[in-house]
Amino acid sequence: MARAFLLVLDSFGIGGAPDAEAYGDLGADTLGHIAEHCAAGLGDRAGLRKGPLKLPHMQALGLSEAALAASGMMPSGMELQARPRGIHGAATETSRGKDTPSGHWEMTGQPVRFDWGYFPDKGPAFSEALIAAIIEKGRLPGILGNCHASGTDIISRLGAEHMLSGKPICYTSNDSVFQIAAHEESFGLARLFGLCETVRKLVDPLNIGRVIARPFRGTPETGFSRTGNRRDYSVPPPGPTLLDIAAGAKRRVFGVGKISDIFAHQGITDMRKAHGNAALFDATLKAADDAGDGDLVFTNFVDFDMLYGHRRDVPGYAAALELLDSQLPALARKLKPGDLVLMTADHGCDPTWRGSDHTRERVPVLGFGPGLPPRDIGVRDSYADIGASIAAHLKLDAPQNGRSFL
Ligand SMILES: O=P(O)(O)O[C@H]1O[C@H](CO)[C@@H](O)[C@H]1O
Ligand SMILES: [Mn+2]
Ligand SMILES: [Mn+2]
């Protein structure tokens, strides 16, 4: 039994989703395209990284095998292992949304079988009635934005007007999200969080997955940048997840990073916030020190998605993968006999793809632990097999969906 660690490399898809065409994502492949660009010399950035993508530890576990199984193609510059050392394979998403909550809930045993509400990307995104209610209940002079946008673009475009007018910047994407960007000082952080709670209630009837606070700082002269105080207001998962089962069995469930937000704080006993992938890794190591037999440590590494995938930044994404890969031995050294580490992703966000949204892809499933035998688990037909396997490992009741591969 010992402990289980579930590491989500947010948006680290490996291509090959059988339904990608329906999302306009046929051929999208986050790993494959990063590797291809790096091999062609298009992943270099002075002072950051250079040359082909190097992920020796994930490759040793069987990442190339997983990618080949998922997409039918080998990532450029990566080779098959004579003998992969880890659990390796891929998983296909059954939930219809290619968003963060759908991916995380499915991997913990609750696929999303309903359709989320989305806002249109032609014309105004939000209805007049919704805007009027937000203005009234939020006591606002109005709103800015009201469109699909990339969050970094829209604050550089509207940040100055926001500071002058006091109107928050409201925008969305192809995900089921209502995002609110506001200046931490001129608008106020607490006020932004309060507004998000108000809007959360207003968009509940529209079945919107998340309201997201996007605080930023800066001036029109120096430019604006987002801070680490992002907060997600998610609806709760559609049923009990692996986290609820573990917490109900009196196990500790460490939610590192935005995990707690994604699960609307349900089933988390220890919330550990950290800003940036490096700090998230350190927080995971600290949780490894604190977790006891039967406990679960669940970390989301958000930078892959937020800083590099959505920003279509190949060198940044490649460097972040290489950093995480280089840190894996430090986690391995913290493991005790019987521990299990599973690494996966929640969706893709191919940094070479058009637009700035997520991409429908399969995800890798890699696993290791002291004495854990290597195993090809093939292509799983739902992410839910991940949660089912962790439940089996921790000797917990099985979640409602998924089949254990252990
Ligand atoms: O462009 P930013 O604000 O980073 O937004 C991105 O982040 C949202 C939530 O993760 C996604 O829906 C996508 O639109
Ligand atoms: Mn995500
Ligand atoms: Mn995202």
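What follows is calculated from the coordinates using simple rules that are stated; it is not laboratory data. Because the structure is a prediction, the values reported are computed rather than measured. All Cβ positions, glycine included, derive from the backbone under ideal geometry; neighbour counts span all protein chains shown.
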With θ set to phi - 60° and the Karplus curve 6.51 cos²θ - 1.76 cosθ + 1.60, what are the ³J(HN,Hα) couplings of the range 265-280 in order, to the nearest whole Hz, using x for Gly and Pro?
6, 8, x, 9, 9, 10, 8, 10, 8, 7, 10, x, 4, 5, 5, 5
Given contacts defined as C-alpha pairs under 8 Å and at least six residues apart, what's the relative contact order of the chain, whole-number percent?
30
Size of the dipole of the chain about the Cα centre, Lys and Arg at +1 and Asp and Glu at -1 on the beta carbon, nothing else charged, in debye to 20?
780
Across the chain, how many lysine pairs, 8 or more positions apart or on different chains, have C-alpha atoms separated by under 20 Å? Please give the number.
11
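Provide the percentage of antiparallel DSSP beta bridges, counting only those with both residues in the chain; round to the nearest 5. Walk me through the numbers on the way to the answer.
Details: 21 of 55 bridges.
The answer is about 40 percent antiparallel.
Ordered by packing density, taken as the mean number of other Cβ atoms within 10 Å over each peptide's residues, highest first, how do 22-30, 76-84 rank?
Top of the packing list down: 22-30, 76-84.
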Whole-Hz ³J(HN,Hα) from phi, Karplus 6.51 cos²θ - 1.76 cosθ + 1.60, for the range 59-69, glycine and proline x:
5, 4, 6, x, 5, 5, 4, 5, 5, 4, 5
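Would you mind calculating the relative contact order of the range 128-234 from Cα pairs under 8 angstrom and at least 6 residues apart, reporting the percent as a whole number? Spell out each step's value before the answer.
Details: 182 pairs, mean separation 25.6, N = 107.
Computed value for the range 128-234: 24 percent relative contact order.
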3J(HN,Hα) from dihedral phi, the range 31-44, Karplus parametrisation 6.51/-1.76/1.60, rounded to Hz, x for glycine, proline
5, x, 6, 5, 4, 5, 5, 5, 5, 8, x, 9, x, 8
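Is the shape of the chain best called rounded, prolate or oblate, per the rule: a/c under 1.5 gives rounded, else a/b larger than b/c gives prolate, else oblate, with a ≥ b ≥ c the square roots of the Cα gyration tensor eigenvalues? Kindly include the intermediate steps, with their values, before the conclusion.
Values: a/c = 1.73, a/b = 1.41, b/c = 1.23.
Prolate, since a/c reaches 1.5 and a/b exceeds b/c.
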Taking amide H positions as placed in the peptide plane 1.01 Å from N, state which residues far from residue 91 in sequence (5 or more) or on other chains have amide H under 5 Å from it.
363, 365, 380
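Can you tell me the order of 159-168, 9-18, 235-244 when each peptide is scored by its average per-residue count of other Cβ atoms within 10 angstrom, highest first? Before the final figure, lay out each step's value.
Working: 159-168: 17.6, 9-18: 26.5, 235-244: 20.7.
So the order, starting with the most tightly packed, is 9-18, 235-244, 159-168.
Do any trypsin sites (Lys or Arg not before Pro) in the range 180-257 lie in a loop, going by DSSP, with at most 15 other beta-carbon atoms within 10 Å of their beta carbon, and if so which?
Numbers: sites: 191, 200, 201, 210, 217, 226, 230, 231, 250, 251, 252; in loops: 230, 250, 251, 252.
Taking the range 180-257 and a limit of 15 other Cβ atoms within 10 Å, the loop trypsin sites (Lys or Arg not before Pro) found are 250.
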With the chain treated as a Gaussian network of Cα nodes joined by springs under 10 Å, which of 359, 92, 222 yields the largest mean-square fluctuation?
222
Only Lys, Arg (+1) and Asp, Glu (-1) charged, at Cβ; the range 287-406 dipole about Cα centre in debye
260
